[in-house]
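Q: So that we are looking at the same thing, I have put the structure below in structure tokens.
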Amino acid sequence: MKTCALVLWLSCFLGFTAARAQVLPSPAPGAAQPAPAPAANAHPSNGGGQSSNNNPMLGNALPHVDSGNEMVTWDGKMWQVNNNRLVRSKFEIYLATPEANGAEDQAYRDLIAQIILLLAPTRKGGPDVSSAFAMLPEAGAFKIDAGLCNTMANGVYDVWLAQRKVNNLRAANDAMNKRRRQLEWNNEVAMSSAELSPQAGSGTAAKGGAAAGNAQKQATAASIGRVSGYVKEIAEIEARKKLNETSMGLSEVTSKVQFQALILQMFLQRRFEHALIACRLYPHMFKDGDSVLQLDDNSDLKKAFSAGLGVPPTVSLIDSLSSEAIRGVDEAVVAFEQLVQRQDYQSASNRLMEAFAVGEYLPRVRRLPLAEKLKVLDYVRDGNQLVNALEMKDFGLAEELVTKLRKNSKDFDFSKPQAAIETARALADMRLTAAKAAAMKGDQASYAAEMKGAAEIWPTNPKLRSLSELMGQTSDIQAQALLDLDRLLSQRAFRQIFNEQGRFLAAAINDPARQQQIKQVITDVTEVTMVVKMAEEQSKTGNPFGAWEAVERVFSKFPEDPEVTRMRSELSVKASEFVSAIEKAKQHEQRKQSGSAISWYLKARHLYAPSEFAKTGIERVVSSLRETATGADVLPAPSL
């Protein structure tokens with residue numbers, strides 16, 4: 001179960017490529033920041049649910065993986081790991097790619113294997129870190145490596161530079177400790193000198209005279225000055241030592257966190273061989289024995305590890321998981337090869353997909369022969385086509401594919417697709433039988449409804465077209481409907497055609513010209529209805545002028561429409577003053593009374609400033625005046 005959970009976990013990581021990253025904790029402000037490791041957006045599970053924190057971006061911090069049926073619940077949605085478009089596309093690319101068994105690939109695999117052996121704890125004479133490090137740039141030069149070995153070598157080099165910096169700072173502190181001891185000795189000597197000692201008696205100074213007293217004072221002042229200098233230098237040394245110690249601590253923490261981030265990056269990228277190399281380099285660079293990964297306590301990655309193990313994640317855990325993943329992939333590929341020989345392509349494709357999702361870059365997966373992969377590719381393509389056919393309700397094609405898959409694969413589970421096909425056939429036949437009965441009774445509405453229902457269940461059903469053609473030949477319902485359609489078209493009774501569109505569409509199913517007319521009527525009446533509704537809303541909001549203009553435009557196209565006529569009559573009353581101004585302006589314009597026409601248009605525009613009728617009317621009158629003007633200056637364009 002643990003291995004299966006690991007497979008599903010890493011398979012989910014393949015699908016969640018756009019998820020957020022886990023951020024490692026920063027060592028201190030101003031210090032070098034470690035690179036964030038990619039997020040593991042699925043957690044290992046024993047088949048039971050596991051709670052995760054709510055996340056405003058992802059819904060849940062981690063998806064829930066049910067290892068029993070390979071279903072993933074994430075962000076409120078459920079999908080199957082093996083039936084995801086991204087996974088399917090990457091898997092088909094892999095199946096169509098030739099095996100990587102060339103000389104260059106072999107040289108690279110040998111080099112990686114040699115590096116792992118050099119770092120193995122069981123190597124005779126112990127691990128050879130220097131030789132392994134020297135081979136990393138050579139391995140990074142190969143195309144298949146994608147420069148990851150160079151990245152690892154840079155990480156190791158950065159750690160060594162940090163350790164060299166720590167050693168230099170430690171040597172500087174040792175030198176300052178030596179200097180501090182010298183200053184402390186000098187300070188003790190200066191404090192115990194005769195000049196600073198108390199005098200035996202007060203009469204001595206008087207006997208020596210004033211000159212002796214002055215000499216004594218000068219010597220004492222000089223001794224105090226030397227002591228002050230010693231104390232000041234000791235304080236400066238202590239401050240520099242503290243700064244160096246802080247810098248050493250930050251350098252060690254930063255280098256450790258950065259290298260741990262590199263280990264996690266290799267692991268989450270499913271570069272398990274690189275993760276092994278990095279894990280085995282780690283104890284040779286950090287010999288303090290602390291191998292706990294420094295993950296943020298609130299990070300999803302730490303919760304994913306700690307929830308299943310009960311202890312903080314360590315470098316050894318990544319090492320063991322990487323080795324287990326490599327072993328699991330090898331076993332899955334062996335199982336795939338055996339299943340292909342048995343022609344169990346369904347199980348073989350599932351095992352290979354699991355191996356590919358976990359160990360896409362492992363040699364056992366990359367070197368699989370193309371001939372075996374192509375067998376699975378044909379099966380996978382037919383399976384994907386079957387899924388698409390069922391989604392599009394093309395049950396005729398789906399039945400052909402089920403027959404083909406049953407013939408080619410011994411373990412193909414045909415029960416679900418076959419049940420879906422038979423269910424659709426039974427339901428479609430029931431609707432077609434009901435449609436035939438309704439047509440015989442002359443119930444055109446029920447006939448159209450049943451035909452529509454049958455088409456929704458199985459759009460490409462050959463019986464659907466056959467029944468439609470048969471009913472067109474054996475019944476005059478279709479002929480009567482076509483006659484009614486032609487009559488209503490001649491009368492321009494488009495609203496009635498729109499209300500009975502189902503009847504006329506069914507009658508004109510084999511007449512493309514009439515179908516086009518019906519579609520045009522539906523489009524026009526829909527447009528008219530939208531304008532009428534919009535005009536009603538404008539009228540309710542106190543804009544009867546704009547509503548009347550909108551309806552008036554439609555009325556010029558469809559004067560026979562009852563809804564338009566009704567709405568136009570109502571709005572003419574509400575906007576009577578505006579309508580009267582427009583009509584009088586048009587009358588004066590027709591009589592060539594330009595001044596009066598412009599006056600009435602301006603009055604209409606005063607009542608409703610955005611009026612298109614008033615604007616275009618003024619432009620027409622002015623244009624007419626310009627055309628008729630002779631021997632006069634050109635009239636200026638009106639300011640609209």
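Taken together, the values in this text are just the output of simple stated rules run on the coordinates, not laboratory data. It should be emphasised that the depicted structure is a prediction, and the values quoted were computed from it without experimental measurement. For neighbour counting, all protein chains shown are included, and Cβ atoms are generated from backbone atoms with ideal geometry for every residue, glycine included.
Q: Please express the Cα-Cα pair-distance distribution P(r) of region 476-574 as a list of whole percents, one per 10 Å bin, running from 0 to the bin with the greatest distance.
A: Per 10 Å bin, starting at zero, the Cα-Cα P(r) for region 476-574 comes out as 16, 41, 24, 14, 4, 0 percent.
Q: So, counting K/R as plus one and D/E as minus one, what does the shell of residues with Cβ under 11 Å around residue 557 add up to?
A: Cβ neighbours under 11 Å give a net charge of -3.
Q: Could you compute the net charge surrounding residue 139? Neighbours are other residues with a C-beta less than 11 Å from the C-beta of residue 139; K and R count +1, D and E count -1.
A: -3
Q: Decide, for region 388-473, between rounded, prolate and oblate: order the square roots of the alpha carbon gyration tensor eigenvalues as a ≥ b ≥ c, take rounded if a/c falls under 1.5, and otherwise choose prolate if a/b is larger than b/c, else oblate.
A: Note, shape of region 388-473 comes out prolate.
Q: Please give the contour-minus-distance gain from residue 123 to residue 443: 0.36 nm per residue of separation, less the Cα-Cα distance, rounded to one decimal in nm.
A: Result for the pair: 106.3 nm of gain on full extension.
Q: Still on this structure, I have one more. What is the distance, in nm, between label points placed 7 Å from the Cα along the Cα-to-Cβ direction at residue 499 and at residue 416?
A: Modelled inter-label distance: 4.8 nm.
Q: Find how much the distance from residue 565 to residue 400 grows on full extension, using 0.36 nm per residue of separation minus their present alpha carbon separation; answer in nm with one decimal.
A: The span from residue 565 to residue 400 would gain 53.8 nm if fully extended.
Q: If you average the sequence gap of Cα pairs under 8 Å that are 6 or more apart and divide by the length of region 388-473, what percent do you get for the contact order?
A: 31 percent
Q: Show which aspartates and glutamates lie in cross-link reach of residue 178 when reach means a straight Cα distance below 20 angstrom and same-chain residues fewer than eight apart are skipped.
A: 188, 233, 236, 238, 245
Q: Using a 7 Å offset from the Cα along the Cα-to-Cβ direction at both residue 316 and residue 161, what is the distance between the two label points in nm, to one decimal?
A: Rounded to a tenth, the inter-label distance reads 3.2 nm.
Q: Strictly over 30 Å apart at the Cα level, which of 441/533; 90/452; 375/416 would you flag in this model?
A: Violating the 30 Å limit, Cα to Cα: 441/533; 90/452.
Q: Students often get this wrong: which residues of region 128-157 have the backbone nitrogen under 14 Å from the point 7 angstrom along Cα-to-C-beta of residue 110?
A: Output list for this probe position: 139.
Q: Further, regarding this structure: Which FRET efficiency value, to the nearest 0.05, do you get for residue 557 and residue 628 by plugging their Cβ-Cβ distance into 1/(1 + (r/R0)^6) with R0 = 45 Å?
A: On the way: r = 31 Å, r/R0 = 0.69.
Using R0 = 45 Å, I get an efficiency of 0.90.
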